[in-house]
Amino acid sequence: MNSLVKTCVIAAYVIPYTANAENWFIKPYMGLSSMSDIVADANNINGTVSGNAAINLEAGFNAGLSGGYYYNDNLAVEFGWEYRSNESQTNITEALSYPEGNYASSTFYLNGLYHFSSLSNWQPYIGAGLVWVQEIDIDLERDGSELSYSGSGDVGLQAIVGTNYRFNKHWALQFEARYTSISGVDLAAEEGAMGRMNGLDYEPTSLQLGLIYKF
């Protein structure tokens, strides 16, 4: 958390001193989200059961909005918000089974991007950054009932590779693959639930499409 705050403060001071209005951009995007199955520690779930929770995850989606600044043709910084959701099925030892559910997040992130030299209208890039969790939650659903567990404040990392296709000096289409890693997430029971889900990993990979407008 402290590292993310320091990075945001540095960016907030550096950007205004180098700012050129034409170098700012905004980008809405959406894509496909994929995550590997995970195992968590379940404690006192439903008031009775503790043990390993095997969480099977299906393909889902992500959507977000970011904005940022191009320092030059190669270097840029972006700050954004993203929502992500993957359907889940959870088995806690042999005692409880939840055939339906949802593993979702709301996150903020700060990324640095390096764009390679343009190839005609195409410009590939790579990047890396920090992610801060506004909320990660998992819903366990069975027979019309639902148990929800959530947590916030965790910090993780991102790795990015993609390419932009520029239509003109203002508009570009972006194709991006992004990997996010947030480890050791602990989720507390929300109203109507009991117990905790500890030690979850949140490591989605997304393939996404964005539309960039450069001012």
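The values are calculated or read from the model by the stated rules, or taken from the named source; none is laboratory data. Fair warning: this is a prediction, and the values are worked out from it, not measured in the lab. For neighbour counting, all protein chains shown are included, and Cβ atoms are generated from backbone atoms with ideal geometry for every residue, glycine included. Calculation scope for accessible area: heavy atoms of the full protein, side chains included, ligands and nucleic acids excluded. Shrake-Rupley method; radii C 1.70, N 1.55, O 1.52, S 1.80 Å.
Can you find a residue in the stretch 86-97 that is in contact (Cβ under 8 Å) with a residue 12 or more places away in the chain, among the β-branched types (Val, Ile, Thr) and farther than 25 Å from residue 49 by Cβ? No, the stretch 86-97 contains no residue that is in contact (Cβ under 8 Å) with a residue 12 or more places away in the chain, among the β-branched types (Val, Ile, Thr) and farther than 25 Å from residue 49 by Cβ. Screening the candidates 122, 132 for the property of being touching a strand residue (DSSP E or B) at 6+ places or on another chain (Cβ under 6 Å) and surrounded by 15 or more Cβ atoms within 10 Å (Cβ to Cβ) yields one hit, 132.
Among the residues of the stretch 168-204, the one identified as loosely packed, with under 14 Cβ neighbours inside 10 Å, assigned to a strand (DSSP E or B) and in contact (Cβ under 8 Å) with a residue 40 or more places away in the chain is 171.
Criterion applied to 141, 203, 190, 146 was being touching a Ser or Thr at 6+ places or on another chain (Cβ under 7 Å) and farther than 22 Å from residue 63 by Cβ, and the one residue passing it is 190. In the set (1) touching a Leu at 6+ places or on another chain (Cβ under 7 Å); (2) at pLDDT 60 or above; (3) open to solvent by less than 30 Å² (accessible area, probe 1.4 Å), residue 42 fails one condition alone, (1).
Restricting the first member to the stretch 20-34 and to residues that are at positive phi and open to solvent by 70 Å² or more (accessible area, probe 1.4 Å), and the second to residues that are modelled with pLDDT of 95 or more and among the hydroxyl-bearing types (Ser, Thr, Tyr), no beta-carbon pair is closer than 6 Å while six or more apart or on different chains. Taking every residue in the stretch 54-82 that is open to solvent by 70 Å² or more (accessible area, probe 1.4 Å) and pairing it with any residue that is assigned to a strand (DSSP E or B) and among the charged types (D, E, K, R), at least 6 positions away or on another chain, the pairs with Cβ-Cβ distances below 7 Å are 58/87.
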